[in-house]
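The values are calculated or read from the model by the stated rules, or taken from the named source; none is laboratory data. Since we're looking at a predicted model, the values are computed, not measured. Don't worry about glycine lacking a Cβ; one is built from the backbone with ideal geometry, like all the others, and counts go over all protein chains shown.
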Amino acid sequence: MEFLTLDRERCNADGLCAAVCPSGCLEADADGRPVVAEEKLCIACGHCVAVCPKSALTISRVDPAAMTKTLRHWPDPEIVDGMLRGRRSIRAYKDTPVARETMEALLDVARFAPTASNAQEVGWCVTTDPAKVHDLAAMTAAYFAAAGTRPKYSAMWTDGRDAFLRGAPALAVAYAPDDAPYGAADCGIALTFMELAAVARGLGTCWAGLLVRAARNDAALAKALGIPQGCVIEGGLMLGYPALRYAAVPPRNAVRARWL
Ligand SMILES: Cc1cc2nc3c(=O)[nH]c(=O)nc-3n(C[C@H](O)[C@H](O)[C@H](O)COP(=O)(O)O)c2cc1C
């Protein structure tokens, strides 16, 4: 299969495909039509195909059948900003389980998070089984009890209160190959996409930093989570339906920005 297939009838020679190519793989010829400058530079981001108003080109590395439409209008900034400000870390969950289909929908959306050089190497270990989340919390508790670094949380665990995974009914952790140059950023962004998609569905979330710290230091916990060899856990989210609502948005530090 040719790397680039161009329908010359449809192509309106606007040069858009070459203009959006981030890697220099495609260039425009004198007429504004795409030519392959260096095929090996392609990162399969799909921009060249997606930007074409005439659907005039395909790239062998981008499946045209898997392309979907973008929204014609984004939600109002007031709505988006309100959600970003109003999202809270939820540490009290209803018993209501998270449906497997809901978790699948969140994983599906998180695929669209940006990754460095479009590497798309983020992997997930997920469960919607509250008993499994509890078992992982128990292993986390055991790690911190042995390390002695969170005595209050360990005491709470002994009292039957889960300060590690907050009694959440569902959990998602993201991992990346340990040699991925931007693995931490890629996983963090994917988790953030998941978090916001979860909030939009009425779920509450809380980042599971303690679990991540424990899993990085306890091979048995990393194995129980299913983190593959050669990969590193970069973040995790507890998920469930919130048992409470926040009436207000708490204040945050003032912006710290230097204008250059
Ligand atoms: C990387 C990261 C790790 C976190 N780990 C935990 C955690 O293990 N347990 C917890 O209760 N909250 C955890 N949090 C939640 C933070 O405490 C919380 O985001 C912060 O207090 C601000 O509150 P907000 O999320 O409601 O705005 C974590 C947050 C981040 C970003």
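Results, tabulated for the structure shown:
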quantity: Sole residue being in contact with a helix residue (DSSP H, G or I) (Cβ under 8 Å, 6 or more places away or on another chain) and either charged (D, E, K, R) or in the same structural domain as residue 139 (by TED's automatic domain parsing) (or both), chosen from 176, 208, 155; calculated: 176
quantity: Which numbered condition residue 176 fails, given (1) under 15 Å from residue 232 (Cα atoms); (2) more than 22 Å from the chain's Cα centre (by Cα); calculated: (2)
quantity: Count - residues of segment 68-115 that are surrounded by 14 or more Cβ atoms within 10 Å (Cβ to Cβ), within 14 Å of the ligand (Cβ to nearest atom) and under 15 Å from residue 200 (Cβ atoms); calculated: 3
quantity: Leading residue by the ranking (farthest from residue 169 (Cα to Cα)) among those in segment 226-243 that are within 15 Å of the ligand (Cβ to nearest atom) and surrounded by fewer than 20 Cβ atoms within 10 Å (Cβ to Cβ); calculated: 232
